[in-house]
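Engineer: Pasting in a structure now, in C-alpha cells, and then I'll have a few things to ask.
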Amino acid sequence: MAIKEPERIWWKPYTWDEKFWVAVALLWMLTTFTFMPVYHFIGKQNPPFETYRVRNPEQFTALVDAMVEKYKVGEEEGIPVVHPEPGSDVFLQASMWQWYPILQLEKGKTYRIHVYSLDIVHGMSILPINMNFMVLPDYDYVLTLTPTTSGEYHIVCNEYCGLGHHMMVGKLYVK
Amino acid sequence: MEFRTCSFTGLKIHKPAEDLIKWNVITAVLFLTLGGLMGLLIGITRWPSVHYLDPTYYYRYLTLHGFDALLVWIIFFEVALVHFTSAVLLNTRTVIPSAGWIAYSLMLIGAIFVNITTFAGKADVLFTSYVPLKASGVYYTGVIIFAVGALTAFGHFFANIIQAKRDGAYKHSLPLGSFGMAAASIIAVVTLAHGAVIMIPTLLWSIGLIKYLDPGTYRLIFWGLGHPSQQINVCAMVAAWYMVSAFVLGGKPVNEKLSRTAFVLYIFFINVASEHHLLVDPIFSNWHKIINTSYVMHLAVFASMVHAFAIPASMEVALREKGYTNGLFEWLKKAPWGNPAFSGTFLSIIGFGFLGGTTGVIAGTEQFNIIRHNTFFITGHFHGTVVVGTTLAFMAFSYLLMPYIFKRELIMPRLASVQPYLYFIGVSMVSIGMMAAGALGVPRRHWDITFSGAPFSFTFDPSVDMFLSIMGLGTLLAVFAGVIYVVVIIGSALFGRRVAP
C-alpha cells in the first residue's frame with residue numbers, strides 16, 4: 001500500500017499483464033527514440049544548428065546595411081525590400097520592434113539566412129507556415145532553407161520583448 | 001511528544017507536522033487564488049471578443065500568473081506533502097520544526113517580494129525573465145529567497161526520514177507515497193541548485209555588479225531550473241495519486257518494484273531532458289539536442305507510462321476486492337465518483353496523460369518542435385500537465401487533508417463533489433483551445449494577435465477565433481470551479497464542523 005511500509009519482499013516477479021504493458025511501452029518509446037535521429041537523415045526539415053558568436057553588433061549591422069544597399073528593390077512602410085543574389089548569404093536583423101529588412105527570396109533556391117538580435121531575445125515565427133526559431137543577441141543563427149512555395153509570408157515575434165511585442169511584424173516574399 | 005491518532009487513517013500525527021502542513025496548505029491556496037485571478041484576467045484578454053487588459057497589465061499579470069500559480073501555489077503544497085509523507089505517513093515526528101518555519105517564512109517573504117515588485121511594475125519580464133530583459137534587483141532577490149526557503153523545506157524531507165529510520169518508524173523501505181516524495185525532493189535539490197547558479201549572477205547583473213550575462217547560457221541554465229521543477233511536480237503528483245488510491249480505496253500498487261523503478265527513472269533522466277526547450281535555439285549541435293531530448297526524455301516518458309498502468313490497476317484491484325467483479329468495467333462504474341478526492345485524482349490522471357503528456361512528447365520532438373515552439377500550443381500543453389494534472393491532483397489531495405489534518409468536515413460537500421469535474425472541463429477547454437490555436441500559429445505571450453499598430457498585419461485562419469473563444473469560456477468555467485475550491489477549502493478550514501481527531 002502506498003501509505004504503509006511495504007512487506008519485506010516487494011521485489012516480486014512481474015505478472016504477465018505488467019510485463020505486457022512494460023514491453024509495449026518500452027517498444028513504443030524505443031521506436032520514437034530511434035525515429036527522431038533516423039528522421040534527421042531521411043527527413044527534409046530539421047532544426048538548423050549552424051551558429052556563430054557575434055562579438056561586435058556593428059559588424060552584423062554593417063553586413064545588413066551592405067546587403068540592403070546592394071540589393072534594394074523597393075520599400076514598404078519605410079522598411080527596404082531586398083532581393084539578394086539567389087543562393088547567397090542573407091541577413092535578417094531583429095530589434096525592438098522590427099524585422100529588418102524585408103527579404104525577397106526565389107523559389108527552389110537555397111539561402112543561408114543569418115538571423116540576429118540587436119537588443120533582447122526575440123522569436124521568429126514565419127506565418128502562415130508556422131515555423132519558429134529563437135533569435136538571440138550575440139548569436140548569429142544560420143537558417144539554411146529552400147523556399148518551396150511562393151507567396152507572401154509574415155514574420156511575427158513570438159518571444160516577449162516588451163510592450164511593443166505585438167507590433168513586431170515583418171514580411172518575407174517568395175517569388 | 002505531542003501525538004494524536006487520526007480516527008480516519010489510524011496514523012499517528014505529530015502536532016508540529018500538523019501545523020506546518022496546515023499553514024503551507026492555506027498559504028498555497030491563497031497564492032492559487034491570486035494566481036487564478038491573474039489567470040482570469042489574462043485569459044479573457046486573449047479571448048478576442050473580450051480583449052480586456054491593456055498591454056502593460058497583460059504582461060504584468062502574465063508574469064504574476066506564472067510565478068504565483070506555477071511556482072508558489074505548487075511548491076507550498078509540495079512542502080505540505082513533504083511533511084505529510086516524511087512524518088505523518090511514517091507515524092513519526094517532524095524534526096526541528098523551527099527549520100520548517102524558517103523555510104515557510106523565507107518562501108513567504110520571497111513570494112511577497114516578487115509579487116510587490118511585479119505589481120509595482122518593476123519586473124515586467126515574464127516568469128522566464130530571459131536576459132537581457134532586466135527586472136529590478138528586488139525581483140531576483142525575491143526569487144532567490146523563495147528558492148532558498150524551498151530548498152530548506154525539501155532538505156527537511158531528508159532530515160525527517162533519517163530521524164524516522166533511527167526512531168524505528170520504518171525498518172527497510174519507505175512507503176511508496178514517501179518514496180515518490182523522496183524522488184521529488186532529490187530532483188528539487190538538483191533543480192534549485194540550477195536556480196542558484198543562474199539567479200545569483202542575474203541578480204548581480206541587474207544591480208550592475210556583473211557587466212554581461214550570455215543570453216544563450218541563461219536560457220540553458222534557466223531551463224535546468226524551469227523544466228526539472230515540473231518534474232518535482234510530476235513526482236509529487238504521482239505520489240499523491242498513489243496515496244489517494246490507497247486512502248480512498250485501499251488500493252495498493254500491483255507491484256512495488258515497477259512503481260519504484262519508475263520513480264528512479266524520473267530522477268535519472270528527467271533533468272537533462274529539459275533541453276527540449278532549446279531545440280530551435282542557436283546553441284548546441286543537433287546531436288547534443290537529439291541525445292538529450294530524444295534518448296533521455298523517452299526514458300522519463302516510459303516511467304510515466306508505468307505509472308499510468310500501475311495506478312489505475314491499483315484502483316481496479318482494490319475495487320474488485322470490494323466485490324465489484326461483474327464484467328470488465330463494473331469496478332469503474334461503482335467507483336466513488338462523488339468523492340472529490342477520488343474523482344479529482346482520476347481526472348488528473350486522464351488529463352495529465354492524454355492532454356499534457358502526449359502533446360509534450362510531440363512538441364519535444366526535434367522536428368515537430370519547429371512548428372510548435374513558442375506557439376500557444378506549448379501553453380496548452382503545460383496547462384494539461386500542470387493544471388489538469390498537478391493542480392487538480394493537489395486539489396483532490398487537499399480534500400483528504402481536511403478531515404485528516406485540519407480535523408474538519410468539508411462545508412458544502414455537494415458543491416465540492418462537482419468541483420473536480422467543472423475544473424477538469426474548464427481547464428481542458430483552455431488547454432485544447434490553446435493547442436488548436438497554437439497549431440495554426442498563434443503565438444504564446446502575445447497581447448494582440450490582430451497586431452494593432454504594427455506596420456504589417458497578418459490574419460490568422462478564421463477558426464482561431466473559435467478556438468480562442470473555447471479557451472475564454474474554459475477560463476470562466478475553470479475560475480468558477482477554482483472559486484468553489486477556494487471557498488470550500490478555506491471555509492472548511494475555518495468553519496467546517498469539527499470531527500473527532
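Since every read-out is calculated from the coordinates, none of them should be taken as a lab result. None of the values given here were measured: they were computed from a predicted structure. Positions of Cβ are backbone-derived with ideal geometry, glycine not excepted, and every protein chain shown enters the neighbour counts.
Engineer: Identify the chymotrypsin sites (Phe, Trp or Tyr not before Pro) of the stretch B:359-421 meeting these criteria: DSSP loop state and at most 11 other C-beta atoms within 10 Å of the C-beta.
Structural biologist: Sparse-neighbourhood loop chymotrypsin sites (Phe, Trp or Tyr not before Pro): none present.
Engineer: Tell me, in nm to one decimal, what length is gained between B:ALA193 and B:PHE354 on full extension, where the rule is 0.36 nm per residue of separation less the Cα-Cα distance?
Structural biologist: 54.8 nm is the gain from fully extending B:ALA193 to B:PHE354.
Engineer: Between the DSSP loop rule and a limit of at most 10 other Cβ atoms within 10 Å, which trypsin sites (Lys or Arg not before Pro) in the stretch B:176-268 are left?
Structural biologist: Of the trypsin sites (Lys or Arg not before Pro), the ones in loops of the stretch B:176-268 whose Cβ has at most 10 other Cβ atoms within 10 Å are B:LYS211.
Engineer: Taking the Cα atoms only, what angle lies between the long axis of helix A:57-71 and the longest principal axis of chain A, rounded to 10 degrees?
Structural biologist: 60 degrees
Engineer: Taking a ≥ b ≥ c as the square roots of the Cα gyration tensor eigenvalues, with a/c under 1.5 meaning rounded and otherwise prolate when a/b beats b/c, else oblate, which class fits the protein assembly as shown?
Structural biologist: Note, shape of the protein assembly as shown comes out prolate.
Engineer: Counting only helical runs of four or more DSSP H residues, what would the 222 nm mean residue ellipticity of chain A come to if each run contributes -39,500 (n - 2.57) and the total is spread over all its residues?
Structural biologist: After summing the helix terms and dividing by the residues of chain A, the value is -8500 deg cm²/dmol.
Engineer: Per DSSP H run of at least 4 residues, take -39500 (n - 2.57); add these up for chain B, divide by its residues and hand me the 222 nm value, nearest 500 deg cm²/dmol.
Structural biologist: Result for chain B, helices only: -20500 deg cm²/dmol.
Engineer: Work out how far the C-alpha atoms of the stretch B:229-387 reach from end to end along every principal axis, then list the three figures in whole Å, largest first.
Structural biologist: Largest to smallest, the principal-axis extents are 59, 32, 27 Å.
Engineer: Under the rule a/c < 1.5 gives rounded, and otherwise a/b versus b/c splits prolate from oblate, where does the stretch A:51-174 land using the Cα gyration tensor?
Structural biologist: Taking the square roots of the gyration eigenvalues as a ≥ b ≥ c, the stretch A:51-174 is rounded.
Engineer: Can you list the chymotrypsin sites (Phe, Trp or Tyr not before Pro) in the stretch A:1-75 that are in a DSSP coil and have 15 or fewer other beta carbons within 10 angstrom?
Structural biologist: A:TRP11, A:TYR14
Engineer: Also, I was wondering about something else. I'd like the FRET efficiency for A:GLU77 and A:ASN56, computed as 1/(1 + (r/R0)^6) with the beta carbon distance as r and R0 of 22 Å, rounded to 0.05.
Structural biologist: 0.15
Engineer: Still on this structure, I have one more. Evaluate the distance, in nm, between pseudo-label points positioned 7 Å from the Cα of B:LYS122 and of B:ILE425 along their respective Cα→Cβ axes.
Structural biologist: Modelled inter-label distance: 4.5 nm.
Engineer: Further, regarding this structure: Taking 7 Å along the Cα-to-C-beta vector as the label spot, tell me the B:LEU213-B:PHE480 distance in nanometres, rounded to one decimal.
Structural biologist: Output for this residue pair reads 4.2 nm.
Engineer: I need the calculated FRET efficiency for the pair B:GLN367 and B:LEU494, taking r as the beta carbon distance and R₀ as 51 Å, to the nearest 0.05.
Structural biologist: 0.45
Engineer: Sticking with this one: Order B:280-287, B:167-174 from most to least packed using the mean count of other Cβ atoms within 10 Å.
Structural biologist: Packing order, densest peptide first, comes out as B:280-287, B:167-174.
Engineer: On average, how many beta carbons from a partner chain sit within 10 Å of the beta carbon of a residue in A:16-23?
Structural biologist: Mean partner-chain Cβ count within 10 Å for A:16-23: 3.
Engineer: Determine the relative contact order of chain A: mean sequence separation of Cα pairs under 8 Å and six or more apart, normalised by residue count, in whole percent.
Structural biologist: Normalised by residue count, the contact order of chain A is 19 percent.
Engineer: Given axes a ≥ b ≥ c from the Cα gyration tensor, I'd like to know whether the stretch B:221-270 is rounded (a/c under 1.5), prolate (a/b larger than b/c) or oblate.
Structural biologist: oblate
Engineer: Right, another one. How shielded is B:264-271 by partner chains, expressed as the average number of their Cβ atoms within 10 Å of its Cβ atoms?
Structural biologist: Rounded to a whole number, the mean comes out at 0.
Engineer: In degrees from 0 to 90, rounded to the nearest 10, what is the angle of the helix B:137-166 Cα long axis to the longest principal axis of chain B?
Structural biologist: 20 degrees
Engineer: Sticking with this one: Averaged over B:124-137, how many beta carbons belonging to a partner chain fall within 10 Å of each residue's beta carbon?
Structural biologist: 3
Engineer: Between the stretch B:181-234 and the stretch B:31-70, how far is it from one alpha carbon centroid to the other, in angstrom?
Structural biologist: 24 Å
Engineer: Oh, and also: Helix B:413-439: angle to the longest alpha-carbon principal axis of chain B, degrees 0 to 90, nearest 10?
Structural biologist: 30 degrees
Engineer: Hey, another quick one. Can you give me the C-alpha center-to-center distance between the stretch B:337-407 and the stretch A:45-63, rounded to a whole angstrom?
Structural biologist: A separation of 39 Å, based on Cα centres.
Engineer: Follow-up. Report, in whole Å, the centroid distance computed from the Cα atoms of the stretch B:92-145 and the stretch B:262-285.
Structural biologist: Cα centroid to Cα centroid, the span is 25 Å.
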